Each structure stands twice: as C-alpha cells, then as structure tokens.
Amino acid sequence: MKSLSGKVALVTGASRGIGKGVAMGLGEAGVTVYITARTVEPGKAVVPLPGTIYQTAEEVVKLGGKGIAVQCDHRHDAQVQAVIQRIQHEQGRVDILVNNVWGGYEHFDDGTEFWKEKGFWSAPISRWDAMFQAGVRAHYAASVLAAPLMIAQRAGLIVNISFFAAQRDDMGVAYGVAKAADDRMAACMAHELHEYQVAVVSLYPGQVRTESVLRAAETFDLSNSESPQFIGRAVAALAADPNVMQKSGKVVVAAALAQEYGFTDVDGSQPRPLTVEEVIIIV
C-alpha cells in the first residue's frame, strides 16, 4: 500500500463498524486521521455495541498513523463546523473526508435484531428522519464545510459510504431512498467540484464483519465477507490514485477496487465483488 504520510483525513462515525475500519485503513497508510462520533465511554453508546472514538484513535496509532479523537454529534452543524475549524487550525488542510456517520439503527434490540417490520407503514416515521438527519444531511453538512479547504488546495477526496440498497427495492424504503440520495449527492458534488480537482465517490462495501454482524454471525454466510479495515484500504487506494478524478461522480465497490489496485484484506484474502442481487442488509 502506497504511503499517504502527510495527508489529513476526517472520518465521521468512526467509533465502531465501517467507520473504525476506514480510520484504521488510512492509519496504516500513515494518514493523520480525525475520528468523530458520539461515543467517548465504553458501554455508553446509543446502540449496545463496543467501541469509542478513543479506542479507534489508539488503533490508528498502532498501525502507524496519527489518530485524533473528537467527540461530535453530526446532527448539529455547529459541532461539525468546530471540528473542521480545529483541523484547519492544527493541520492547515484536509485531504480526505469520509462521510460514514449514519442514523436509524437505534431500533435494534440487543445488536442482533434487524428490521422486524413487514412494510414501511409499520415502521416509525422517526426512522426516515434519523437516516436523513444523521445520515444524508450529516454527509452534506460535512462536505459543505470541508469543501472550501479542498478547493483552496485544488485537491481532495470525498467518500460517501453508501450501499447496494440504493439499487434495490427490498431493503426498506427509508434505507434505500437515503442511500440513493447519498449516491446522487456524490454525483452532483463531483460535477461542481470537478474544476477544482476534488473527487467525490460513493463507496459500496460488501458484507462487512462489523460488531453487529459478528453478533449475529450464525445468520450470515461470511465466506466472502470483508473486514472493516478492508474498506479503509479501499479509501486509501483511492486517495493514492493520481487518476482518481476519472472515478469522480461514480459508485465504486470496495472489492472491485481491491482487484484493480492490487490490495487484499487483512487476512490476505481477496473478497469477490458482490452483485446487486446478492447483497443482504448490513450494519
């Protein structure tokens, strides 16, 4: 993996799951990674899952990067603005923004239960609000605040962590529409940022071995699964690609990027890219 030493990244929603894996994947490439989320104390997360921003920062350091944990609720623009201002003050730049933070998962019971509703009419309307406010809108707000720094540099990469649900009709109305909105956001932002050499992509993971998936491992076929850090390696590969602007505005799949760029998962495996028809819901 090409070194990205000297680069600065912001990864949102990185106390656990894919966000944590992205921070770790960037850390092993030598990136200075700002890690945001709400959880600062073990056992105090909104969902019953392990992980804090400080634990993620420690993992980034162990892998050779610099991890900086900053508590932030991405539903509040002032807090996001404070994070960007801190990065600008301390680093003078931001090279990579990974919009991973997401809402709407708070309805899980003990971390093993997925949606039980049998139709959007039986789901609480608050789920739509959570996925758009703490997901799509949070991605938009962070991009709005980070873009001026990237424009001034005439370089940068914005990655929206999205999913195949954007192209499926059977993964929940709120979830599918929100992920489709993330994809369109990336395409439209890419159009406006093209002249400034700032790339924007939607990145699809496959089946990722997050904490919640591993809690319910018996319900999944994990033979072709990916570690969270594998998604981070995909982001690092994009950031290291001198021709990344050719992918700007597009949906890219982590496992397909691994084949293109020649990186593997942490165990040396080469996960196969999933098709739209194969995927199941992941968290």
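Panel note: the C-alpha atoms of segment 87-217, placed on their principal axes, show extents of 48, 27, 25 Å (largest first). The magnitude of the dipole of the chain, with charges of +1 and -1 set on the Cβ of Lys/Arg and Asp/Glu and taken from the Cα centre, is near 640 debye. Cα-Cα pairs above 36 Å in the chain: how many percent? Within the chain, distances greater than 36 Å cover 7 percent of Cα pairs. With the convex hull of the Cα atoms taken as the outline of segment 15-70, the averaged projected area works out to 3.1 nm². Within the same chain, lysines fewer than 8 places from K44 are excluded, and of the rest, those with a Cα less than 28 Å from its Cα are K20, K62, K66, K116, K179. Using the Cβ-Cβ distance between S269 and Q71 with R0 = 45 Å, the FRET efficiency computed as 1/(1 + (r/R0)^6) comes to roughly 0.85. Modelled spin labels at E260 and A240, positioned 7 Å past Cα toward Cβ, are 1.5 nm from each other.
Only helices enter this figure: runs of n ≥ 4 DSSP H residues, each worth -39500 (n - 2.57), summed and divided by the residues of the chain, yield -11500 deg cm²/dmol at 222 nm to the nearest 500. Simple rule: put +1 on each Lys or Arg Cβ and -1 on each Asp or Glu Cβ in segment 8-261, find the dipole, and look at Q167, V208, Y140; the Cα lying farthest toward the positive end is Y140. Would you work out the relative contact order for the chain, in percent, from Cα pairs under 8 angstrom that are 6 or more residues apart? Relative contact order for the chain comes out at 19 percent.
In this rough spin-label picture, where each label sits 7 Å from Cα along the Cβ direction, the Q79-S122 distance is 3.3 nm. The modelled label-to-label distance for the pair A187/E58, using points 7 Å beyond Cα in the direction of Cβ, is 4.4 nm.
Quick note: the coordinates plus some simple rules give every number you see, no bench work behind them. Because the structure is predicted, anything quoted here is derived from the model rather than measured. As a convention, Cβ positions derive from the backbone with ideal geometry for all residues, glycine included, and neighbour counts pool all protein chains shown.
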